[in-house]
Each structure stands twice: as C-alpha cells, then as structure tokens.
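The values are calculated or read from the model by the stated rules, or taken from the named source; none is laboratory data. All values reported here derive from a predicted model rather than from experimental measurement. Ideal geometry is used to build each Cβ from the backbone, glycine not excepted, and the neighbour counts take in all protein chains shown. Accessible surface areas use protein heavy atoms only, side chains included; no ligands, DNA or RNA. Shrake-Rupley method; radii C 1.70, N 1.55, O 1.52, S 1.80 Å.
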Amino acid sequence: MSNNNPTQKPEWQALLDHKNAHADLNINTLFKEDSKRFSEFSTSIDGLLCDYSKNLVTFETIDLLFKLASASDLEARRTAMFAGESINETENRAVLHTALRDPDTRDLEVEGENIFPFIHTVLQRLLALKKDLQTGAFTGHTGKKIDTIVNIGIGGSHLGPNLAVEALHPFDQGYFDFHFVSNIDGADLTKTLTRINPETTLFIVASKSFSTLETMQNAISAKEWMIGKLGDESCIARHFVAVSTNEQAVKNFGIDTEYMFPFKNWVGGRYSLWSPIGLPILLSIGHDNFRRFLDGAYAMDTHFKTAPLRKNIPVILGLLGVWYRNFWNAQGHAILPYSQDLDQLPNYLQQLDMESNGKSVDRDGNLITDYETAPIIFGQPGTNSQHAFMQMMHQGTTLIPSDFIGFVKPQNNYQNHQTILLNNMLAQTQALMQGRTPEETSAPERTYQGNHPSTTLLFDTLDPFSLGMLLALYEHKIFVQGVIWNINSFDQFGVELGKEMAHMIERGENPNMDGSTDGLLQAIHAKSKV
Ligand code: F6P
C-alpha cells in the first residue's frame, strides 16, 4: 500500500472520527442554531452564487476537508496541471484544455512546440471556414450554399458540442441547421439522412483518434450516401471536413487536410469542446459568442487557480462530493439543471465525471480496495425530474446529494414560467432538507425524514459566458476529487476492454467466449436468418 492512499492520512482519519461523532448531524438544526448560515456557507463570483448551506457540514467539517485537500497536495497538483506538466502519467501527456480558453499569448512549450500560436492559428482557420461557408466562397459540390451541419462523433467528440449548441440556441446566428450522429445503431444516421439535403450538407467527422469504430462506420456510410446522391467521389471534398489529432487517418479516409482542423494529445476527449471539436458551437453562435464561452471558462480557471481554498467553488464542490461519497456512503449524485436548454448537461457530466474518476487503480498502480471513487452521476432538467426520479430522492432509502442549477433571467419571453420554474427549484431543495415530520401529518406514508443535502448554483442567465463557467467548474471539481482519491482522472483504459471484445466478436475470434455470450450470439445468428 503506498503512502499516497488517502485513507492512510491522519486528515482522513480525522474526518472519519468527525463523521462518527456527528452521525446525527441535521441541516435543519444547523440553520436554527445559526441565523447567518446562508451567508457563511455561500460564496459568489461574477454572475454566480454558490449556496452550499443546505449541506451536512459544520465549520469544523469544512475545515477538516480543506486540511485533507492540503495534505493531498491539491495546490501543487493544480499548479502542475496549468504549467503543462505530464500529469496524465499513464499516457505521459500534459493536460492543457485550460490553455484553449486562455487569451494569453505567452510561451508555453509542450513536447517541443509553443502551444499558444498553434491554438490561435487553428482558431483562425476555423473562422475562415465559417466565413467561407456563410459567404458561399465554400459551396457544396453542385454549387449550392451549405445550410446544414452534421457532426459525426461520439463521447467527447459529440456530447460537448451537442450540449452547447442546444444550450445556446438563443444565440444561434441562423446560418445552419445542426444534426448530431453518434450511435453505431443505423437508426441514428438514418433519422438524420432522411431530414437533410445532400447538396447543402457539410459533415464534420469529429474524432480525436480517427479510429473510433462508431464514428468511422457512420462516416463511411455517410460518405457512401453522399456519393450515391451526388454521383461522383469528388463530392467528398466539398461535403466532409475533419477534426482530429490523426492526420494520416484523415488522409486515408479521403478528406483533404486543408479541411482538417487539428488539436493535440494534451486535450482529453471529454475535455475537448474548447478545441476544434467545438466547431459546431462556433458555427452556431459565431466568433464573439464563442470567445465569451471561452472567457467564461477562463474566468473559472482564474478563480480556481487564485481563490483561497475556502472561497474556491470547484474546491468546495469537489470536497463536498468526497465527504458524501467516502464518509456518508452516497453512491449517486444528481445533476438537476432548472433549464430545459441544459437537457444534455447530465449526459455530458456523466462522461466527464464517470470516465474521469471511475477508477479502481491509483496513481501508484495499486488496486483501490478501501475507499470509493466516482459516484453514479445522473439527472434531468427540473421540473421534469420532479415527475420522474425525485420521489426516490425525497423518500427512498438512499442518500443522494444533488446540485441544483438555476438562472434568474430566462432567455425567452416567459418570465412567468421562469418564476414558477425557480420557485419549484427552491421548493425541492427546501423539501429535501426539511422533509415532513410525523407531527406535521397523521399519515405515516406522508412523513419523511428530510436532511437530504443539496447545493444550489444560481447564475444570472444562461449565456455563452455562464455556460463556459459552469462546464469549467465541473472540470475542476472532478480534478479536485481525482487528486484526493489519488487517481489519474485523464486516462480511460476501462473503456478499452469492451471495444477490443467487440472487435473480436466481429472477427469471430473470441478465445474467452463464455456460455451466455455464445448462446446469445447463436440466437442472433439463428433469428437473423429467419
Ligand atoms: O468512450 C471512450 C472514448 O475514448 C472517449 O474518451 C472519447 O471521448 C470517445 O471515445 C471518442 O473518441 P474519439 O474522439 O477518438 O473518436
């Protein structure tokens, strides 16, 4: 067992003792005892109020959590990330998605290359493509203007752009319609192909590796469809562009590298929407809004880097997550945006969090046996969530901490809807905390304990800047937890095994075939012949 095991730290033990001594901690009592609790347990930065007063914490808890963070070298790890050190040790890579939103032009060398000129040159090329598409300098094969964009990608090459294009639709400039194809299920591609005109469609093949099975198969089928419709292989040059780190594979696919937009291995897939992977976002909201989006993330980076731990929102959120996961045995964590435009946020954060911190081997190569890592992330926008799974959060037997995310001003004309929406958000956090005591109702089935923790993130409005802040906030929260848990948040080897097995099943070479998988395979073969 290495010394970096967090459970071996005295600060961890102190938290365990603290939890045991306060197992009956009650948030309602804490409010009754301290009239200033809201202001003491909330913190703000420009455009964002983070209220964590409805959590199962006292001053002492917070103090002990900050001590654990310091004992885990959080500040040194954070400095190493921003400085471009190879903190993704298993892949020997720097982790520098933060550089993509940094407006600076200082020198920062990674693998022998000064990265800021590279980032800004690629952004200029993306802007030139956007301009050419809009002016008609770049047309489709038959000379018609492009008015439809189809992004083909999966995971990090899909979820971020899909989320941001949807969330920021009030800022869409109106030049293009957007479609996203990700699933290898042919239904996904079919649905899109039946809705678009080949003559006016541009496919963006988005894949960091340019080898992901789903993306490659969808891209090949889209290419065949396009050639079938326009009758000539040369049409590909006017209807396909690529975003990737793999120039050779892009060439092999038949896309002119003039229309390949590169990024580097120091951008993880699930952290890549700030890179050229964000091309659909740029095409939708335009350069100024895209810059605002990057600026929002940069503002959060600056806050994360410079704010004292006690005022640091990603640090606070990360530590609260550790508190519940490791000391209260919480298995899930709910993401509840009170914004229909953030419909895709829970999906996006599922990959960001669970692919980053769903690990059971620590940074020293030890199997983790004595503490938990990533929780199950799930969620849905309110108020829909209230009519789906919230019953279980209110009255079930499992503790589920949650993040409520609200926006004071709507991006639509229905202020009265927004008022009701926000009232519902507040009512949920209050009901989770207060519950209903037997004294308040005579029916036992109507009683519930309450004391369920939640954190509320209240933004002024949902716009490019606040969305940038929000997403960067979760990136850093996840980083903080990875540091405490002594895991590498930036690799994802667990995804590989299933991919390899899919290839083996396809090739009919499966030395480890088991009875169930074999039985199912035979059933599929038999039924598909009927
Ligand atoms: O899901 C596994 C994964 O490797 C993710 O990390 C990544 O975002 C996704 O596949 C897509 O990868 P690529 O961009 O290389 O196609």
> Within region 377-423, how many residues are surrounded by fewer than 19 Cβ atoms within 10 Å (Cβ to Cβ) and aliphatic (A, V, I, L, M)?
Replying inline: 6
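Taking region 354-383 only, how many residues are more than 18 Å from Ser454 (Cα to Cα) and of a type outside the set (Phe, Trp, Tyr)? Can you show your working first?
Just the residues of region 354-383 that are more than 18 Å from Ser454 (Cα to Cα), to begin with: 354-373.
Now drop any that are not of a type outside the set (Phe, Trp, Tyr), which leaves 354-370, 372-373.
Looking only at that region, the number is 19.
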>> With of a type in the set (Asp, Glu), within 16 Å of the ligand (Cβ to nearest atom) and on the phi < 0 side of the Ramachandran plot as the only criterion, which of Asp460, Asp491 stands out?
In response: Asp491
>> Quick test of your reading of the structure: Ala443 fulfils all but one of (1) at pLDDT below 95; (2) under 20 Å from Leu30 (Cβ atoms); (3) not β-branched (Val, Ile, Thr). Name the failing condition by number.
In response: (2)
> If we scan region 127-149, do we find a residue that is open to solvent by less than 60 Å² (accessible area, probe 1.4 Å) and within 16 Å of the ligand (Cβ to nearest atom)?
Replying inline: no
> Taking region 465-487, which residues are over 12 Å from Val315 (Cβ atoms), among the polar types (S, T, N, Q) and in a helix (DSSP H, G or I)?
Replying inline: Ser466
>> I'd like the full set of residues that are farther than 17 Å from Val241 by Cα and within 12 Å of the ligand (Cβ to nearest atom), limited to region 185-213.
In response: Leu213
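Results for (1) outside any loop (DSSP other than H, G, I, E, B); (2) over 16 Å from His120 (Cβ atoms); (3) at pLDDT 95 or above, shown as yes or no for each residue.
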position	(1), (2), (3)
Lys264	no, no, yes
Arg270	yes, yes, yes
Leu273	no, yes, yes
Gly278	yes, no, yes
Leu283	yes, yes, yes
Arg292	yes, yes, yes
Asp295	yes, no, yes
Met300	yes, yes, yes
Gly318	yes, yes, yes
